[in-house]
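Colleague: I have a structure here, written as structure tokens, and I will follow up with some questions on it.
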């Protein structure tokens, strides 16, 4: 079981990297990161970085749903 103090130590080192995109710069940062993860992980669900890739994908998708205009026919 992970304790809060351990979580805080782990998170502090990563908090500036795993961000909720609130602008185009942070969105593009995550897109670039996801591209690199896709190159590394591919479709290997057991890869140690697969869950990180999924989390970043969810953050990107949410930003796109909130900020990117839908294409109209």
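Colleague: Compute the long axis of helix 24-41 from its Cα atoms, compare it with the longest principal axis of the Cα atoms of the chain, and write down the angle in degrees, 0 to 90, nearest 10.
Modeller: Its long axis makes an angle of about 70 degrees.
Colleague: Right, another one. Mind pulling the angle between the C-alpha long axis of helix 50-67 and the longest principal axis of the chain? Nearest 10 degrees, somewhere in 0 to 90.
Modeller: Once rounded, one gets 40 degrees.
Colleague: Fewest to most neighbouring Cβ within 10 Å: what's the order for 33, 11?
Modeller: Result, fewest neighbours first: 11, 33.
Colleague: If you don't mind, there's one more thing I want to ask. List 60, 20, 4 from most exposed to least, where exposure is judged by having the fewest other Cβ atoms within 10 Å.
Modeller: Ranked by crowding around the Cβ, least crowded first: 4, 20, 60.
Colleague: Right, here's the next one. Working out 0.36 nm times the residue gap between residue 14 and residue 49, then minus their Cα-Cα distance, what length gain in nm do you get to one decimal?
Modeller: 11.2 nm is the gain from fully extending residue 14 to residue 49.
Colleague: Which angle between 0 and 90 degrees, to the nearest 10, do you get for helix 4-14 versus the longest principal axis of the chain when only C-alpha atoms count?
Modeller: That helix lies at roughly 50 degrees to the long axis.
We did not get these values from a lab; they are worked out from the coordinates using the rules stated. These numbers come from a predicted model, not from an experiment. Counting neighbours? That spans all protein chains shown, and the Cβs are built from the backbone with ideal geometry, glycine included.
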